[in-house]
Amino acid sequence: MAEYRIDELARFAGTTSRNVRAYQERGLLPPPRKSGRVGIYTETHLARLRLITSLHDRGYTSAQITELIAGWEQGRNLAEVLGLEEALNSPWTDEIPTYLPTEQIRAFLAADLNADPTLFDRIVRLGLLRPEGDQCLVPSPQMISTVAELVRRGFPLADLLTLHEAISPAIDDVARRMVEAGSARLIEQHGEAWLPSATEVGEVTELLQRLRQLAMSSVQGLLAHAMERHVADVMGEHLVRVIKQQGPDAARGGPP
């Protein structure tokens, strides 16, 4: 299980260290494990913090959130509650956001940025980089690494960003549809106002974790098969164009 210091926890949850401390004081967030004088937080804290942040974004006050969580925990084992929250809200990727010097990033992209200085701002708008002083937070190092390799192989950065802009909304739509389908199934089975009882928490947590695995594997499988089809189609179209350019003799397999 990943471990975080308070600044890292706040950054990953999209909030501030000050808010983390305030939530702890109000009893919304469990205290961290102590390692000497340093508080160590885990993914269960990150899951709870993301839930609190989401409720705040929906317009709930701190007092309302406190009441909601207190009511949710009443009569239930806190460890079970946190386990369910972790299953709902914990990261679906093992990637750990990292920092890189802004100048290092600009230097690497110098050729493309010299041709179009607006590309850096475009990268930031897409959320691929988040400037913080003289450094940039990289939410997905794997994504940036892929972009870097494609740029080295000659792909224009502008084209890669256009591709990302086209693909990202479609992926987001697929993810929302899958989450809504799971939510609709639980509501259909248990009703609009259902929350799992103490005896149901473990079962629901296990179900959610399994659904996560199935969702990821099914999407990867669908993408792999779709790529196979489109590679064959695009290659076939290319070969047809080559044959046509070479003339009728090539189309018949060449002269006897």
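Restricting attention to region 190-228, the residues being modelled with pLDDT of 80 or more, exposed (fewer than 12 other Cβ atoms within 10 Å of the Cβ) and over 27 Å from the mean Cα position of the chain (by Cα) number 1. Only residues that are more than 22 Å from P139 (Cα to Cα) and either of a type in the set (D, E, K, R) or open to solvent by 30 Å² or more (accessible area, probe 1.4 Å) (or both) were counted across region 12-54, and they come to 12.
Given the structure, is A107 at pLDDT 85 or above, more than 21 Å from G14 (Cβ to Cβ) and surrounded by fewer than 13 Cβ atoms within 10 Å (Cβ to Cβ)? So A107 fits the description; yes. For region 229-256, a residue qualifies if it is at pLDDT below 80 and either in a loop (DSSP other than H, G, I, E, B) or under 19 Å from A170 (Cβ atoms) (or both), and the qualifying residues are G247, R252, G253, G254, P255, P256. Checking the conditions here, which among L82, L9 is closer than 27 Å to T98 by Cα, surrounded by 15 or more Cβ atoms within 10 Å (Cβ to Cβ) and at pLDDT below 80? So the residue among L82, L9 that is closer than 27 Å to T98 by Cα, surrounded by 15 or more Cβ atoms within 10 Å (Cβ to Cβ) and at pLDDT below 80 is L82.
Out of the residues in region 135-187 that are among the polar types (S, T, N, Q) and within 24 Å of L208 (Cβ to Cβ), which is least open to solvent (accessible area, probe 1.4 Å)?
Pass one, region 135-187, residues among the polar types (S, T, N, Q): 135, 140, 142, 145-146, 162, 168, 183.
Now drop any that are not within 24 Å of L208 (Cβ to Cβ), which leaves 140, 183.
Numbers: S140: 33, S183: 55 Å².
Filtering region 135-187 for residues that are among the polar types (S, T, N, Q) and within 24 Å of L208 (Cβ to Cβ), the one least open to solvent (accessible area, probe 1.4 Å) comes out as S140.
The values are calculated or read from the model by the stated rules, or taken from the named source; none is laboratory data. Source: prediction; values computed, not measured. All Cβ positions, glycine included, derive from the backbone under ideal geometry; neighbour counts span all protein chains shown. Each accessible area value is taken on the protein alone, full model and side chains, heavy atoms only, with ligands, DNA and RNA left out. Shrake-Rupley method; radii C 1.70, N 1.55, O 1.52, S 1.80 Å.
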